There are 2 protein chains.
Amino acid sequence: MSAQALKELFIKELQDTYSSETQIMEALPKMAEAASSQQLKQAFQTHIQETQGQIQRLDQVFQMLKADPGGNTCEATQGLVEEAEEIMGEGLAPEVLDVALIMAAQKVEHYEIAAYGSLRTLAETCGMTDVARLLEETLEEEKATDQKLNQLAEGDVNMRAFKAA
Amino acid sequence: MSAQALKELFIKELQDTYSSETQIMEALPKMAEAASSQQLKQAFQTHIQETQGQIQRLDQVFQMLKADPGGNTCEATQGLVEEAEEIMGEGLAPEVLDVALIMAAQKVEHYEIAAYGSLRTLAETCGMTDVARLLEETLEEEKATDQKLNQLAEGDVNMRAFKAA
């Protein structure tokens, strides 16, 4: 009975993550549009394509578990996206906005890293090896995106904002 | 002028993080109370003490920058805390609730890891070495807490929930 309750928790978290990804999918094109650094714009565009693949993987997991994505809204992601949208509406100088966009995007990435990390570990506990493998693929992509954003901030974007007249 | 705008962004993010920590400080005792695993309860209690120290570090940074914590509410953390509170209200079996509490706590930790990581990097860009050092201390604590929660999930908590009758 508790293994069943654990599976229900797993599916609820999976639905939450699905809502998170679909909200991010809507926000990313606006963030790509708002970025002035070409490297940052490119990073967001690459992540749009990755996110499409991540949503497909989640669809695949729902099919494997004979569950559906449901219609709930992930409130935490809603808060993260609202913060990103506020930042874009504040009329910041383009170089400073790039810094703020990276900050907002890294918060989103870390949300996803936490979500996929927990789901992957729980899938392993429940013996769902194939599901764990799919979630692990996405987890590695999210970590790589976070690292890419780190590199952009440390490499060029922050300093450009600092030096901008 | 843009360096000024960058400093304003830094302070805004710092205020956001202050709001985040104070919200977490309210949520953690409830999470410690709700946990049934003694190790998890202990991990939350340890993190309450750490969070107090982290808030003091933020106070110190505000003083160094002659700024104040402000009164804004971090919406993303609000969403994260609401999710944690919902989970605690769902009447889950104690072992399953422990799994859910770790998931919720790791999302909070990753929010903090992203926030302090960005703030630390930006402090370095702006030449605020002492501020960067303080933020780095907190960042390392948040990463260690996340790792501790990983160990609890992988070591015992998930499997107890899976095996519970």
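The values are calculated or read from the model by the stated rules, or taken from the named source; none is laboratory data. Model, not experiment: these values are computed from the prediction. Every residue, glycine as well, gets a Cβ built from its backbone with ideal geometry; the counts of neighbours run over all protein chains shown. Note: areas computed on protein heavy atoms with side chains; ligands, DNA, RNA excluded. Shrake-Rupley method; radii C 1.70, N 1.55, O 1.52, S 1.80 Å.
Couple of notes before you dig in:
- Taking every full run of DSSP H in chain A, the ones that stretch at least 30 Å from end to end by Cα along their long axis and average -1.0 or higher on the Kyte-Doolittle scale are A:2-34, A:38-64, A:94-125, A:129-152.
- For the stretch B:1-34, a decrease in accessible area of 10 Å² or greater in the assembled protein chains relative to the isolated chain, with a 1.4 Å probe, applies to B:Met1, B:Ser2, B:Ala3, B:Ala5, B:Leu6, B:Leu9, B:Lys12, B:Glu13, B:Asp16.
- Straight-line cross-link partners of A:Lys163 among the lysines, defined as a Cα under 27 Å from its Cα and at least 8 positions apart when in the same chain: A:Lys30, A:Lys41, A:Lys107, A:Lys148, B:Lys7, B:Lys12, B:Lys66.
- Gyration tensor verdict on the protein assembly as shown (Cα atoms; rounded if a/c is under 1.5, prolate if a/b is larger than b/c, oblate otherwise): oblate
- Accessible area buried at the B-A interface, both sides summed, 1.4 Å probe (Å², nearest 100): 4000
- Among the residues of the stretch B:134-156, those with an accessible-area drop of 10 Å² or more from chain alone to full protein complex, heavy atoms and 1.4 Å probe, are B:Glu154.
- For chain B, the square roots of the Cα gyration tensor eigenvalues, ordered a ≥ b ≥ c, give a/c of at least 1.5 with a/b greater than b/c, which places it in the prolate category.
- Across the accessible surface of the stretch B:1-146, with the other protein chains kept in place and a 1.4 Å probe, carbon and sulfur atoms take up 48 percent.
- Taking every DSSP helix (H) stretch of at least 4 residues in chain B, weighting each as -39,500 (n - 2.57) and dividing the sum by the residue count yields a mean residue ellipticity at 222 nm of -29000 deg cm²/dmol.
- Label 7 Å beyond Cα on the Cβ vector: B:Met25 copy-to-copy distances, nm: 4.0
- On a per residue basis, chain A carries 42 Å² of accessible surface, using protein heavy atoms and a 1.4 Å probe.
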